[in-house]
Structures are given as C-alpha cells and as structure tokens.
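The values are calculated or read from the model by the stated rules, or taken from the named source; none is laboratory data. For clarity, every value in this text was computed on a predicted model and none was experimentally measured. Here Cβ is always computed from backbone atoms with ideal geometry, including for glycine, and neighbour counts include all displayed protein chains.
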Amino acid sequence: MAIHWSLERLEALLPPEVYANMEKASCNPAVPIDAGGNYPIIHGETGNMLAGVPYKRGLRVPRSKMRALCGEGIPVQYGKHLNEVEFGSDGEGVTAKFTDGTIVSGTMIVGADGTRSRAREIALGSIEKAATTPFPIWHMNLTVCYGDAEKARYVRSEFPTSFLALSQRSFHAFQSISSMPDGPDHPESWIFHLAMAWRGEARHDLSYEERLAIIKEKAAGLAEPARSSFMWIPEGTQVHKADISYWVTEPWVNHEGRLTLVGDAAHPMPPCTYLRHMLKRDVVLTIISRPGPRLEPLYHRYFPSDKSHPVFPTNKYLMIFRI
C-alpha cells in the first residue's frame, strides 16, 4: 500500500525508534522516503501518461513488512477468532471469549477485525445488520516473480514503483514492485503485485488457471509495459479473487465506552477510497487493560455523537467509487 500524505500522522503514532526503520519496510529500499515523485496513471491501449499523482514524501510498503514493523515489541496473537463478549454488570470491565476456549479480560475492547467483523456483529447485536453488501465487480489479485532478470527490469524500466493502466475497454490493470528479497541488484528475485478489475457479476467457481487465462486475454490488447507485466505471468501462478463489499455505518452500542470499532470494522468500503484516508490495522482485536474511571467520557471526546458512535460518510465514498 502507498503511504504519502498521511506519513506525518504515522510518524506521530509510532515510537521514534520504530518510525526510524520505515525505509526498511519499503517495497524498494533503494528509494529514500523523502525522494518524492508521481504515481502514474496511464492509458491502457497507448501507454501514454494520463496523469501523475504527485507526492513530496512517501513510500510503498508490503503489508507483511508493515505489520511486522508496527508489531515490534507487542505480543500479537494470530489465529484468534472472537466468539462472544461479556460486559461487567457494574459498568466496569470487558471479557472476550474466543473459539479456541481462551478468555481475556480488560477495560475496553477495540474491534479492528476487518470487513466481516465479528466485533461489529456483537456491537449491533445482529449478524444481519452487520452484514456487508457485495459490489458487482471482478477483482483479481496476485503476486508474481518472473524469475528472469531482464523481464523484471523491463516491466519497471518506465515506472519504477507502480502504475495504474486504465483501459478504454472498461477495466484497470495495476502493477507495483512488492519486495526485493535479495536486494535491488538481484531482479530475478523481485516480487510484483498485479491486480485487474472490471464491473460485472464475478464467478466464484473458477480455478486459478481459469482466472489467469481471463486476465491474460484482457492484457493482450494493452500497450507496454502493462501488456508484458501480465502476459509474462508464469503458468501455475495463483490468481486470487477479492470480494469487494461495503457496509453503510449505523449506530452501535458502546456499552459505556467499553466497546468500539475502527477501520474496516467500522466503515468497510471499496479500495482506493479508504486506503488513502486511514492507516489500516491488521490487528484483529485490541483489549485495553488499565485502571481508572469509566471510559465513556474519554470515548466521547474522540467520538462526539448523541448516538453511540460517529457515523462515517460511507455512502459518499461509494458514490465516488461508482462514478
């Protein structure tokens, strides 16, 4: 994902010793964080530049490296699945129960468990109310290593970091460098992130091979470098489908400030509308344990509302996405 204008917020959030290592998490460690540049948007069939989105400071990071960097020194437990939450009858405390039988108690629970949030279901008291609405979109995602130094250099020769190609046949093709496992001097090991999307009712019964055939058929009519980026994908590459969905935020019960939602759990929306505005958390659940008075006054300092939570303008972003 790209981090540019929100970089200052990230610098304020992270401990200085963690932020100092940001460049180590970069997709391309050879490009300093202050280099600046443009994110290119090109015409799919001609390869001509349509626009360049400028930034003064920034970098692209793979989520895996960013997750590891932000989690340094924090005992994150993966593979947990929230089952239920109990709230103390005296207005104090919260207990989370997981499907593996473990129980954790604390003062406040923050659900950051993504689009299909179990914490949201609990906060709304209804699986139906918390359910997302799917978009009629085909969205394919994959990572690829060409295993060939010349091919890897070529697809990055004009746009070293990333590009977005918009086709006049109503689809987009995206490519970015994802990581350089053996460094900038070993392009045969470089890993790229590719994506392609178009409007339509997606089929969920297709194999990896069938999905690859579909995107190669579309890529055959693109100009360089987009054409080769997709046509050179090795056979056997796993092409994943991404289910794009949204949920229009509505009030939830915060149990006197002891339960809240953030990120996709609070306002799931399509990519390219949300990712630039919030630093997404990959943490499933945060349970805060601290002494002191009830948290509701503190909660409402951050979420002022006569309801139980702030209502994010999800429908506004949906309208922009559909246009």
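May I ask you to list the residues in the stretch 235-259 that are under 15 Å from I122 (Cα atoms), at pLDDT 90 or above and β-branched (V, I, T)?
none
How many of the residues in the stretch 132-144 are crowded, with 19+ Cβ neighbours inside 10 Å and either β-branched (V, I, T) or under 20 Å from I191 (Cα atoms) (or both)?
The qualifying residues number 3.
So which pairs qualify, if the first residue must be in the stretch 157-171 and over 11 Å from M196 (Cα atoms), the second must be of a type in the set (D, E) and surrounded by 14 or more Cβ atoms within 10 Å (Cβ to Cβ), the Cβ gap must be under 6 Å, and the two must be at least 6 apart or on different chains?
So the pair list comes out as Q168/E45.
Report, by residue number, each residue of the stretch 125-140 that is touching a Leu at 6+ places or on another chain (Cβ under 9 Å) and not in a helix (DSSP H, G or I). Walk me through how you get there before you give the answer.
In the first step, residues of the stretch 125-140 are kept if they are touching a Leu at 6+ places or on another chain (Cβ under 9 Å); the result is 130, 135, 140.
Selection gives F135, M140.
In the stretch 224-275, what residues are buried (at least 18 other Cβ atoms within 10 Å of the Cβ), in a helix (DSSP H, G or I) and not basic (K, R)?
A226, S229, F230, G263, D264, A265
Could you please tell me which pairs satisfy a Cβ distance under 7 Å, a separation of 6+ or placement on different chains, a first residue in the stretch 178-202 that is without any contact (Cβ under 8 Å) to a residue 12 or more places away in the chain and not assigned by TED's automatic domain parsing to the domain that holds A213, and a second residue that is surrounded by 18 or more Cβ atoms within 10 Å (Cβ to Cβ) and not charged (D, E, K, R)?
From the stretch 178-202, no pairs qualify.
Would you kindly identify the strands (runs of 3 or more DSSP E) lying entirely within the stretch 23-124 that contain at least 1 residues that are closer than 30 Å to A219 by Cβ and within 21 Å of the chain's Cα centre (by Cα)? Let's see the steps before the verdict.
Numbers: elements: 37-43, 49-55, 82-87, 94-98, 103-106, 108-111.
Fully inside the stretch 23-124 and qualifying: 37-43, 49-55.
Can you list residue pairs whose Cβ atoms sit under 7 Å apart, with the first residue in the stretch 217-229 being farther than 20 Å from E150 by Cα and touching a residue at least 60 places away in the same chain (Cβ under 8 Å) and the second being among the hydroxyl-bearing types (S, T, Y) and in a loop (DSSP other than H, G, I, E, B)? Count only pairs 6 or more apart in sequence or on different chains.
Correct list of pairs: empty, since none qualify.
What's the total number of residues in the stretch 141-183 that are among the aliphatic types (A, V, I, L, M), within 30 Å of E23 (Cβ to Cβ) and in a strand (DSSP E or B)?
At the first step, the residues of the stretch 141-183 found to be among the aliphatic types (A, V, I, L, M) are 142, 144, 149, 152, 155, 164-166, 173, 177, 180.
After this cut, where a residue has to be within 30 Å of E23 (Cβ to Cβ) as well, the list is 142, 144, 149, 152, 155, 164-165, 173, 177, 180.
The next check asks that each one be in a strand (DSSP E or B); those that pass are 142, 144, 164-165, 173, 177.
Number satisfying all stated conditions: 6.
Just to be sure before I move on: is L279 assigned to a loop (DSSP other than H, G, I, E, B) and either modelled with pLDDT under 55 or not hydroxyl-bearing (S, T, Y) (or both) in the structure I sent?
Against the criterion (assigned to a loop (DSSP other than H, G, I, E, B) and either modelled with pLDDT under 55 or not hydroxyl-bearing (S, T, Y) (or both)), L279 qualifies.
Residue under question is R9, and the condition is that it be surrounded by 15 or more Cβ atoms within 10 Å (Cβ to Cβ), among the charged types (D, E, K, R) and assigned by TED's automatic domain parsing to the domain that holds S189; does it hold?
Values: surrounded by 15 or more Cβ atoms within 10 Å (Cβ to Cβ): no; among the charged types (D, E, K, R): yes; assigned by TED's automatic domain parsing to the domain that holds S189: yes.
It is false that R9 is surrounded by 15 or more Cβ atoms within 10 Å (Cβ to Cβ), among the charged types (D, E, K, R) and assigned by TED's automatic domain parsing to the domain that holds S189.
So in the stretch 233-246, with the set limited to residues that are within 16 Å of the chain's Cα centre (by Cα) and not β-branched (V, I, T), which one is farthest from A197 (Cα to Cα)? Give the steps one after another, and end with the answer.
Here is the first cut: in the stretch 233-246, the ones within 16 Å of the chain's Cα centre (by Cα) are 240-246.
Still in the list and also not β-branched (V, I, T): 240-243, 245-246.
Details: H240: 12, K241: 10, A242: 10, D243: 11, S245: 14, Y246: 17 Å.
Per the criteria, the residue is Y246.
Could you look through the stretch 122-131, keep only residues that are surrounded by fewer than 18 Cβ atoms within 10 Å (Cβ to Cβ) and of a type outside the set (K, R), and pick out the one that is nearest to V110 (Cα to Cα)? Talk me through it step by step, then tell me what you get.
Initial filter on the stretch 122-131 (surrounded by fewer than 18 Cβ atoms within 10 Å (Cβ to Cβ)): 125-129, 131.
Then drop every residue that is not of a type outside the set (K, R), which leaves 125-128, 131.
On the way: G125: 16, S126: 18, I127: 18, E128: 21, A131: 19 Å.
Of everything passing the filter in the stretch 122-131, G125 is nearest to V110 (Cα to Cα).
If I go through the stretch 154-212 residue by residue, how many of them are surrounded by fewer than 18 Cβ atoms within 10 Å (Cβ to Cβ), under 20 Å from the mean Cα position of the chain (by Cα) and over 18 Å from A242 (Cα atoms)?
1
I need the full set of residues from the stretch 66-92 which are buried (at least 16 other Cβ atoms within 10 Å of the Cβ) and either within 21 Å of Y19 (Cβ to Cβ) or in contact with a His (Cβ under 7 Å, 6 or more places away or on another chain) (or both), in order please. Walk me through it before giving the result.
Our first condition is that a residue be buried (at least 16 other Cβ atoms within 10 Å of the Cβ); within the stretch 66-92, this holds for 66-67, 69-70, 80, 82, 85, 87.
Correct list: M66, R67, L69, C70, F87.
Within the set of pairs 6 or more residues apart or between chains, which connect a residue that is assigned by TED's automatic domain parsing to the domain that holds E17 and under 14 Å from S26 (Cβ atoms) inside the stretch 51-71 to a residue that is modelled with pLDDT of 85 or more and among the acidic types (D, E) with Cβ atoms less than 8 Å apart?
Short answer, once both residue conditions are applied: R57/D34; L59/E23.
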